[in-house]
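Here the structure is laid out as structure tokens; the discussion comes afterwards.
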Amino acid sequence: MPRVELLTKKEQLPPAQHHEYDEIMGVLGNVGGPFGLLLYSPGLAEMVCKTGAHIRLESELTMVERELALLSTLREKDASFEWGGHVNTARKAGMREEAIDVMKNDKDPSGLEPDERDVITFTRQLLRKNKVDQTVFDALQSRHGTRWVLEIAATIGQYQYISAVNNAFGMEAREGAESLPPIAR
């Protein structure tokens with residue numbers, strides 16, 4: 001249960017924020033989850049939504065590549081609310097169950113396909129050590145190019161941000177959604 005009431009209806013907002021609500025509806029088709037929190041700060045939800053839309057719609061990343069970076073981030077941040085929806089999106093896009101299991105249960109990724117292994121490793125290094133080893137960076141850059149690696153990093157940053165908001169305000173996995181098991185760190 002969130003710590004505050006989610007702002008999910010236009011009537012909950014002052015008229016000056018109605019355009020922001022409409023912008024989010026236009027991109028996402030609903031206002032919920034973190035956007036129901038971000039609307040407490042006028043202008044913030046709209047900017048986060050636009051950034052997220054750019055990452056999702058204007059990126060070179062395939063849906064599986066994006067969800068790989070995203071789910072890796074959600075696992076690192078223990079973000080069950082977003083995990084519950086995105087793991088289904090990843091499966092529908094064709095992500096392998098082996099990769100999902102490695103992320104969900106914080107397992108060694110060395111037995112995965114090269115891109116799965118390297119994106120998970122890139123994410124873990126960035127979020128655990130605040131940097132990425134040159135060999136991991138170089139492997140991804142040589143296979144995909146600079147823009148692709150930048151968009152992986154931007155996806156990680158976007159969902160680290162969303163996870164911080166959701167976790168701070170007590171957003172938990174939706175009823176019936178797959179959630180993350182606790183892991184020892």
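The values are calculated or read from the model by the stated rules, or taken from the named source; none is laboratory data. Note that the coordinates shown come from a computational prediction; the quantities given were computed from them, not determined experimentally. Every residue, glycine as well, gets a Cβ built from its backbone with ideal geometry; the counts of neighbours run over all protein chains shown.
Assess whether R75 counts as being within 24 Å of I183 (Cα to Cα) and not aliphatic (A, V, I, L, M). For R75, the condition - within 24 Å of I183 (Cα to Cα) and not aliphatic (A, V, I, L, M) - is met.
Counting only helices (runs of 4 or more DSSP H) that sit completely within the range 57-142, those holding 2 or more residues that are outside the structural domain of P34 (by TED's automatic domain parsing) and of a type in the set (G, A, S) correspond to 63-76, 80-93. Taking T73, is it β-branched (V, I, T) and either more than 18 Å from the chain's Cα centre (by Cα) or surrounded by fewer than 22 Cβ atoms within 10 Å (Cβ to Cβ) (or both)? Against the criterion (β-branched (V, I, T) and either more than 18 Å from the chain's Cα centre (by Cα) or surrounded by fewer than 22 Cβ atoms within 10 Å (Cβ to Cβ) (or both)), T73 does not qualify. Might you let me know whether the range 75-84 holds any residue that is over 20 Å from I55 (Cβ atoms), of a type outside the set (A, V, I, L, M, F, W, C), in contact with a helix residue (DSSP H, G or I) (Cβ under 9 Å, 6 or more places away or on another chain) and touching a residue at least 60 places away in the same chain (Cβ under 8 Å)? Within the range 75-84 (the criterion being over 20 Å from I55 (Cβ atoms), of a type outside the set (A, V, I, L, M, F, W, C), in contact with a helix residue (DSSP H, G or I) (Cβ under 9 Å, 6 or more places away or on another chain) and touching a residue at least 60 places away in the same chain (Cβ under 8 Å)), the answer is yes, since at least one residue qualifies. When the residues of the range 119-132 are filtered to those that are in contact with a helix residue (DSSP H, G or I) (Cβ under 6 Å, 6 or more places away or on another chain) and without any contact (Cβ under 8 Å) to a residue 24 or more places away in the chain, the one that is farthest from L68 (Cα to Cα) is V132.
Would you confirm whether any residue within the range 88-95 is among the polar types (S, T, N, Q) and over 21 Å from G33 (Cβ atoms)?
No, the range 88-95 contains no residue that is among the polar types (S, T, N, Q) and over 21 Å from G33 (Cβ atoms).
When restricted to residues that are in a helix (DSSP H, G or I), under 15 Å from the mean Cα position of the chain (by Cα) and within 30 Å of N105 (Cα to Cα), the range 24-56 contains 10.
Restricting attention to the range 137-148, the residues that are among the aliphatic types (A, V, I, L, M) and surrounded by fewer than 20 Cβ atoms within 10 Å (Cβ to Cβ) total 1.
Would you say Y21 is surrounded by 14 or more Cβ atoms within 10 Å (Cβ to Cβ) and in a loop (DSSP other than H, G, I, E, B)? In short, no. Of the candidates I162, I152, I156, I120, the single residue that is touching a Pro at 6+ places or on another chain (Cβ under 7 Å), within 18 Å of T51 (Cβ to Cβ), modelled with pLDDT of 95 or more and surrounded by 12 or more Cβ atoms within 10 Å (Cβ to Cβ) is I162.
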